[in-house]
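This structure is in structure tokens; I'll ask about it shortly.
The values are calculated or read from the model by the stated rules, or taken from the named source; none is laboratory data. Since the model is a prediction, treat every value here as computed from it, not as a measurement. In this analysis, Cβ positions are derived from the backbone assuming ideal geometry, glycine residues included, and neighbour counts consider all displayed protein chains. Heads up: the accessible areas ignore ligands, DNA and RNA and are worked out on the full protein's heavy atoms, side chains in. Shrake-Rupley method; radii C 1.70, N 1.55, O 1.52, S 1.80 Å.
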Amino acid sequence: MNSPLGILVPMQEEVELLVSMVEQPEMMQWSSRSFYKGFLNGKRVVVAQSGIGKVASSFTASLLIQHFRVGAILVTGVAGGISDHIHVGDLAIATQAVQHDMDCFPLFPKYMIPHSGITFYEPDTKLTETLNKAASSFLQYEFQQVVSEDMLSALGIHKPTIHSGLLVSGDQFIGTENQLNEIQKGLPDSLFVEMEGAAVAQVCHDAGVPWCSIRTISDKANAKAHLDFNLFLNQAGKIYTSAVARKFVEML
Ligand code: SAH
């Protein structure tokens, strides 16, 4: 890729380790956002904390595109697992992304972005293949070195696996059975939930910039979600996020 890769991560806790890995870093400020321009494994990147939620992350994505002319955007961080077979510590890769809180029915079908005809945004196929390879390589060769046995048992992680499927995003932390059931009823194929990806996907679509997304499952989007989320975020979130992002960049 000739242009730099943009990497967006929502929270401070998740982004700081990745930022510390950027070589020859140049910090640049646009509006209230900080961007770290430099190299990861010799490849040009711009890393930014997107902020939490659809508006914050869309704003950051727009600045990234406008000011840094990134050739593609990776959105990463932690997420809640929705489907039964996905567990805390697993990795989830988006094959499509939808905004679960977009609802202009009866003017437009539920979940469809008005006047776009789009409900499900598609990530770039090649980047997504590379994400799959990076995630496999991370779990196979690096995982045991960077995530300690103590951490695994504290978090109840057994043998992490990689899943691909539907990412659902919205301006809600999904942490009750009611919220979870609502999503599963309306979007039965949902694999994982977070608060930024599908919004960044819309910005990327409108700007003609390819995107892809991988997240680590921090919780199961249920009544225990806030406890699991905080524990995972503080213990393992940043380790997974930075290791997978680095591997991905190396493979581009
Ligand atoms: N406690 C945090 C707020 C976290 S909001 C703070 O004070 O800063 C949850 C963040 O993690 C969002 O960026 C979202 O993308 C992701 N996430 C993880 N689990 C989630 C879930 N169950 N529902 C929605 N978003 C989730």
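Take the Cβ-Cβ distance between Ala223 and Glu142 as r, set R0 to 25 Å, and report the resulting FRET efficiency rounded to the nearest 0.05.
Values: r = 33 Å, r/R0 = 1.32.
Rounded to the nearest 0.05, the efficiency is 0.15.
Tell me, what ³J(HN,Hα) does each residue in the stretch 142-155 have, in order and in whole Hz, if you take phi through Karplus 6.51 cos²θ - 1.76 cosθ + 1.60 with θ = phi - 60° and put x for Gly and Pro?
Coupling constants for the stretch 142-155: 10, 3, 5, 6, 9, 10, 6, 4, 4, 5, 4, 6, 4, 8 Hz.
To continue, here is another question. Once a ≥ b ≥ c are taken as the square roots of the eigenvalues of the Cα gyration tensor of the chain, is the result rounded (a/c under 1.5), prolate (a/b larger than b/c) or oblate (a/b not larger than b/c)?
Judged from the Cα gyration tensor, the chain comes out oblate (a/c at least 1.5, b/c at or above a/b).
Grab the other residues whose beta carbon is less than 11 angstrom from that of Leu233, score K and R as +1, D and E as -1, and report the net.
Every neighbour counted, the sum reads -3.
Using +1 at the Cβ of each Lys and Arg and -1 at the Cβ of each Asp and Glu in the chain, identify which of Val203, Leu166, Val15 lies farthest towards the dipole's positive end.
Most positive-ward Cα: Val203.
Taking amide H positions as placed in the peptide plane 1.01 Å from N, state which residues far from Val78 in sequence (5 or more) or on other chains have amide H under 5 Å from it.
For Val78, the qualifying residues are Thr216.
Stretch Gln184-Ala154 to full length: gain in nm at 0.36 nm per residue minus the Cα-Cα span?
Net length gain for the segment: 7.9 nm.
Tally up the carbon and sulfur contribution to the accessible surface of the stretch 42-101 as a whole percent, 1.4 Å probe, everything protein left in place.
Ligands and nucleic acids excluded, carbon and sulfur give 53 percent.
Probe 1.4 Å, all protein chains in place: accessible area of Glu250 in Å², nearest 10?
90 Å²
Expressed as a rounded percentage, what relative contact order does the chain have, with Cα pairs under 8 Å and six or more residues apart?
Relative contact order, the chain: 30 percent.
Cα centroids of the stretch 78-125 and the stretch 190-220: how far apart, whole angstrom?
Cα centroid of the stretch 78-125 versus Cα centroid of the stretch 190-220: 8 Å apart.
Moving on to the next point. When the helix-only estimate is applied to the chain (DSSP H runs of n ≥ 4, each -39,500 (n - 2.57), divided by the residue count), what is the mean residue ellipticity at 222 nm, nearest 500 deg cm²/dmol?
Mean residue ellipticity, 222 nm, calculated: -11000 deg cm²/dmol.
Quantify, in whole percent, the carbon and sulfur part of the accessible surface of the stretch 102-158 (1.4 Å probe; protein heavy atoms only).
Carbon with sulfur: 55 percent of the solvent-accessible area.
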